[in-house]
Structure formats: C-alpha cells, structure tokens
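Asker: One structure, as structure tokens, below. Some questions next.
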Number of protein chains: 2
Amino acid sequence: MQNRFVVIPIGYIEKTEETTSIIVHEAYKGALLNIEFFSHLIVLWWITDRDSTENRAVLQVRPRGRPPLSGVFTCRSPSRPNPIGLTVVGLEAYEKEANRLIIDRIDAFHGTPVIDIKPYIPASDSIRNVVLPDWFEDLKSPWDP
Amino acid sequence: MQNRFVVIPIGYIEKTEETTSIIVHEAYKGALLNIEFFSHLIVLWWITDRDSTENRAVLQVRPRGRPPLSGVFTCRSPSRPNPIGLTVVGLEAYEKEANRLIIDRIDAFHGTPVIDIKPYIPASDSIRNVVLPDWFEDLKSPWDP
C-alpha cells in the first residue's frame, strides 16, 4: 500500500477586522459552481503550525487542558498524525469575482491553507442521539449566544 | 506559502461479509485512548482510485449523475483536487487488542487508507436549519430504514 499522499492548498483563510473569508485560488474557481445554494460548508484546512515531526508524533493530550488524558483521535487536538483541521461553517455570502466565501467564523488563523470544501448535507452529516463522554458534554455550540 | 503537504495513512478499512471496521496501524494505537466513550466518529479517508492527475483536475460534475452541473466543492464527488473522503460513522465496538473499530457502514472500499479519525461533537458538528438546493433535498439518511 502506498504510504504517503500529497495534499495541495486550494485556497486560504483571510481574516480582517470586519470579515472571515475563504479565498479560493483562481485555478479552482470552477469548483465553486452553485455554492450560493448552501447555507453550511465543511472546511478542511491544514494546521500549518503543527506540521512538524514532533507535533505529528503526539498521540495523547489533555483536551481543553483538563483531565483525562485522551488519544488525539478522541479529541480535536491540532497536534495529530495528519494535521488536518475540520470546521463546519456558515456561508454568509459568495463574492464570485473575488473567489471569496464570506463565512461566519473559523478556528483557523489568517493565512491558513484550505485543502477541501464540502457541502454540509444533513442526511449524512447531522447526527442525533450522539453519546459523548462527560468531559465534552458542556461544550457550547459556536452558534449559541 | 508552502504548496504541498504530506499525508500518511493511519489505518485502513476492512470489510468482510459480517463487519465493516477501521484497523488502526499499531504505531497509532495510543491515539485511540477513550474512543469507547463516543458513539459517532468523523472518518477521513483517501480516495485512492481518484488520486490521479486527471481525476484531481475535475472541477465540475453532475452530482448523482443528474443535472445540474455542479462544482466539486458543492457536492461530495470523489474526484476533487484533494481526494479526501469524509464519512460520519457509528462506532459499534472497539476491539482493543486488534486495534479494530467496528463501525456501522462506510462508503469506502475494503483496503481504503484512513488518514484521520475525529470524535463527532454535536456542539460544532450537528447543524440545524441547513439550507440545501432542491437536488439534494431528497437525500435519505444512511441511518434511516
């Protein structure tokens, strides 16, 4: 089995005082056709500052700085074998000429490379009756007041 | 900005007549600590059979073989600039000695490389009031009868 794969940036995060956006590289503009019909997107991004041999070897952390020690596959640690971030975002506007998707928020820094955008489809992505350990049950939704 | 990143497999999909599983490579066993407390996982996998220059250059397709033509960032096309598959799965059992996660189903072939596993956390991942174009509104949940 092949033991490494190559990922290329398709855009980047732009944060200003006013807005948070995904700027899609001109070469991938065509991949945005019909994006304005979707309210939410799944954004995959590259956690650039954790792309080191040391950070990629981290297997256990304390999520949110608290006990208990947890595997990186059981929390959303930015240090993980493949530093891929995943965030569901709300799409607020599409400025077509600028290849710009204005989004509500994202937990990625300005300049972060974006590697994929997928539409959020409730039939497969929105799960009810989820069971979580108690150390995650008090998490607030980023959309709650 | 760096223009390519390296992704490594952390496991693979195993499908038998009886079960569908993720087998995690021994080196990443520690990253599964506490996985048994979660009912659902987000699995990122490498769409191996679309990892070609030709498939990665596809920017528009007809989702589900029907009109209208759509950008690959506005559907879940396996042909896309970075062939990363994303599936939310139900975790049925964790066989610790075998590094095996038995899951309910996944739309990936036997042998597919898995590149990341994240816990499904409703606060950030389960969205209500999603707007979709009408050509996706009849999608059935894989968990519905």
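Values quoted throughout were computed directly from the atomic coordinates according to the rules given, and no laboratory measurement underlies them. Computed from a predicted model, the values in this text were never measured in an experiment. When we count neighbours, we look across all protein chains shown, and the Cβ atoms used for this are built from the backbone with ideal geometry, even at glycine.
Asker: Could you bin all the Cα-Cα distances of the protein assembly as shown into 10 Å bins starting at 0 and give me the percent of pairs in each, rounded to whole numbers?
Answerer: 6, 29, 38, 23, 4, 0
Asker: Straight distance only, please: which lysines reach the Cα of A:Lys118 with their own Cα at less than 26 Å, same-chain residues fewer than 8 apart left out?
Answerer: A:Lys15, A:Lys29, A:Lys96, A:Lys140, B:Lys15, B:Lys118, B:Lys140
Asker: Which three lengths, in whole Å and largest first, does chain B cover when its Cα atoms are put on their principal axes?
Answerer: The Cα atoms of chain B stretch 48, 38, 36 Å along their principal axes.
Asker: Which whole-number value in Å³ per residue fits the convex hull of the alpha carbons of segment A:91-131?
Answerer: 132
Asker: Given Cα pairs under 8 Å that are at least 6 residues apart, what percent is the relative contact order of chain B?
Answerer: Numbers: 223 pairs, mean separation 48.4, N = 145.
Relative contact order of chain B: 33 percent.
Asker: Dipole size in debye (nearest 20) for the protein assembly as shown around its Cα centre, Lys and Arg Cβ +1, Asp and Glu Cβ -1?
Answerer: 420
Asker: Another one. Which is the longest stretch in chain A that no exposed loop site breaks, taking sites as GluC sites (Glu not before Pro) with a DSSP loop state and at most 11 other Cβ atoms within 10 Å?
Answerer: A:19-136
Asker: As a check on your grasp of the helix formula, calculate [θ] at 222 nm for the protein assembly as shown: sum -39500 (n - 2.57) over DSSP H runs of n ≥ 4, divide by the residue count, round to the nearest 500.
Answerer: Roughly -1000 deg cm²/dmol at 222 nm, from the helical runs in the protein assembly as shown.
Asker: Pull up all non-local amide H partners of B:Thr20: gap of 5 or more, or a different chain, and H-to-H distance under 5 Å with H placed in the peptide plane.
Answerer: Sorted by chain and number, the residues that satisfy this are B:Ile103.
Asker: Quick one: putting +1 on the C-beta of Lys and Arg, -1 on the C-beta of Asp and Glu, what dipole do you get for segment B:49-145 around its Cα centre, in Debye to the nearest 20? Walk me through the numbers on the way to the answer.
Answerer: On the way: 13 positive and 14 negative charges, 57 e Å.
My answer is approximately 280 debye.
Asker: Taking R0 as 25 Å, what's the FRET efficiency between A:Arg64 and B:Ser141 from their Cβ-Cβ distance, rounded to 0.05?
Answerer: E(calc), rounded to 0.05, equals 0.25.
Asker: Starting from the Cα coordinates of segment B:61-140, work out the convex hull volume and express it per residue in Å³. Please report the intermediate quantities before stating the final value.
Answerer: Values: hull volume 11.4 nm³, N = 80.
Cα convex hull per residue, to the nearest whole number: 142 Å³.
Asker: Using a simple spin-label model with points 7 Å from Cα along the Cα→Cβ vector, what separation in nm is obtained for B:Arg105 and A:Glu54?
Answerer: Roughly 4.5 nm, to one decimal.
Asker: If one computes the Cα centroid of segment A:2-22 and of segment A:33-110, what distance in Å separates the two points?
Answerer: Segment A:2-22 and segment A:33-110 have Cα centres separated by 9 Å.
Asker: Distances from A:Ser141 to the same residue in each other copy, label points 7 Å out along Cα→Cβ, in nm, shortest first?
Answerer: Result, one decimal in nm: 1.5.
Asker: Given H placed on each backbone N at 1.01 Å, which residues far from B:Ile84 in sequence or on other chains put an amide H within less than 5 Å of it?
Answerer: B:Ile47
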